[in-house]
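Since the structure comes first, as structure tokens, the remarks are kept for the end.
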Amino acid sequence: MIGVGTTPVTVRAAAKVNLHLGVGAPREDGFHPLTTVYQAVGLCDDVTAHPADDLTLTLTTTDWIDAGAVPVDGDNLVHRAAVLLGRHHGRELTGRVEVEKAIPVAGGLAGGSADGAAALVALDRLHDLRTTDDALLAIAAELGSDVPFALVGGTALGTGRGELVEPVSDVGTWWWVIVPSRQGLSTPEVYRHFDRLRPDAPETPPGADVLLGALRTGQPVSLARALHNDLQEPAVDLRPELGLLIDRGESEGALRGIVSGSGPTVVFLCESADHARDLAGALMRTGQEVVLVANGAVAGAHLVPSHV
Ligand code: C5P
């Protein structure tokens, strides 16, 4: 088929945590202005685009992820990525797209956004479209507020509704223990609850200077002190068990626990790899079913050798 590669293309994209998530009062379009600092962490989904005559999507997940919670129809970000990228090039894109999910669904880790970003890169390469970086970022922003960051990766400042990203200096290697929940939390619902709890939220979201300064020290203790998430209060109010989980992790020795993004995943910052493994073991002994260890910052959506 003209213009379609013959070999599959695999692209890996990482989960994110928000080291700082400052939220302002809702804008006229309903979105909230953000000042956020994203960090990509080593918990990744792989998206493989195979040549095909039409556009289809298949999903495989690790057993503790609820595959049923992922839309596999036109609402899926992979599907929308194909449509928007095709529209940009004035054509319909085809491909059999396989998503291998390791990032929890509706977890506050931008797993869907990672898949959308990976699909853009995979389909661009499969069809040899040579889309410019600026065009990819613009399409990513149309897909969702977190999708541009999933392309860029590393550690980055996000403004606007989160879609305007700019890499920031990050000299450390940061170790995280990640505790997903079995049941996801709806991002719009958490934002709506923020509005109820914070009718006085400022127009300009709280800035990230303290966090950016802490990042530059490279010291986990400094970063732990500076972590900030305005969506934590509404997320914990909707799911009080998240507050208990944070307390448990901190009493087991975490430097600090916070809700990731809009939750319900809770992430704990640790001193080192060994410390993270010890904390993960301790949390599992308290009965926590799924406990992951990852470090950051890692790369944004990137090609990996095809699976054999
Ligand atoms: O941009 P995205 O599709 O990821 O956003 C999902 C939902 O989260 C939005 O429809 C909106 O309700 C909420 N949101 C928001 N302000 C943001 C980002 C997301 O209110 N900055």
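Quick rundown of the values:
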item: Meets criteria (of a type in the set (D, E, K, R), in contact (Cβ under 8 Å) with a residue 60 or more places away in the chain and farther than 30 Å from Pro202 by Cα) for Glu252; result: no
item: Tally, over the range 100-125, of residues that are away from the ligand (no atom under 14 Å from the Cβ) and either free of Cβ contacts under 8 Å to residues at least 12 places away in the same chain or not aliphatic (A, V, I, L, M) (or both); result: 5
item: Selected residue (criterion: nearest to the ligand (Cβ to nearest atom)) from residues of the range 158-175 that are in contact with a Pro (Cβ under 8 Å, 6 or more places away or on another chain) and aliphatic (A, V, I, L, M); result: Leu164
item: Looking only at the range 289-308, and only at residues there that are in contact with a Gly (Cβ under 9 Å, 6 or more places away or on another chain) and not β-branched (Val, Ile, Thr), the one that is surrounded by the fewest Cβ atoms within 10 Å (Cβ to Cβ); result: Ala299
item: So Ser251, is it modelled with pLDDT under 95, over 23 Å from Val168 (Cα atoms) and open to solvent by 30 Å² or more (accessible area, probe 1.4 Å); result: no
item: Filter result for Leu109 (hydrophobic (A, V, I, L, M, F, W, C), closer than 29 Å to Val293 by Cβ and open to solvent by less than 10 Å² (accessible area, probe 1.4 Å)); result: yes
item: Odd one out for Lys16 among (1) touching a residue at least 40 places away in the same chain (Cβ under 8 Å); (2) surrounded by fewer than 19 Cβ atoms within 10 Å (Cβ to Cβ); result: (2)
item: Odd one out for Ile139 among (1) open to solvent by less than 40 Å² (accessible area, probe 1.4 Å); (2) within 13 Å of the ligand (Cβ to nearest atom); (3) in a helix (DSSP H, G or I); result: (2)
item: Exclusive hit being over 30 Å from Gln288 (Cα atoms) and not in a loop (DSSP other than H, G, I, E, B), set Arg91, Arg96, Arg130; result: Arg96
item: Boolean, His79 is within 16 Å of the ligand (Cβ to nearest atom) and either buried (at least 22 other Cβ atoms within 10 Å of the Cβ) or at pLDDT below 95 (or both); result: no
item: The range 247-280, residues that are in contact with a Ser or Thr (Cβ under 8 Å, 6 or more places away or on another chain) and in a strand (DSSP E or B); result: Val259, Val266, Val267
item: Members of the range 176-191 found to be within 16 Å of the ligand (Cβ to nearest atom) and closer than 16 Å to Ala15 by Cβ, listed by number; result: Gly184, Leu185, Thr187
item: The range 19-45: number of residues that are under 11 Å from Ala156 (Cβ atoms) and not hydroxyl-bearing (Ser, Thr, Tyr); result: 4
item: Some residue of the range 84-99 being farther than 30 Å from Gly172 by Cα and within 15 Å of the ligand (Cβ to nearest atom); result: yes
item: Search result, residues across the range 220-248 that are exposed (fewer than 14 other Cβ atoms within 10 Å of the Cβ) and not acidic (Asp, Glu); result: Val221, Pro240, Leu244
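Here's the yes/no breakdown for (1) within 16 Å of the ligand (Cβ to nearest atom); (2) in a strand (DSSP E or B); (3) touching a Pro at 6+ places or on another chain (Cβ under 7 Å); (4) open to solvent by 20 Å² or more (accessible area, probe 1.4 Å):
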| residue | (1), (2), (3), (4) |
| --- | --- |
| Val11 | no, yes, no, no |
| Arg27 | yes, no, yes, yes |
| Phe31 | yes, no, no, yes |
| Ile65 | no, no, yes, no |
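The values are calculated or read from the model by the stated rules, or taken from the named source; none is laboratory data. None of the values given here were measured: they were computed from a predicted structure. When we count neighbours, we look across all protein chains shown, and the Cβ atoms used for this are built from the backbone with ideal geometry, even at glycine. Side chains included, ligands, DNA and RNA excluded: accessible areas come from the protein's heavy atoms. Shrake-Rupley method; radii C 1.70, N 1.55, O 1.52, S 1.80 Å.
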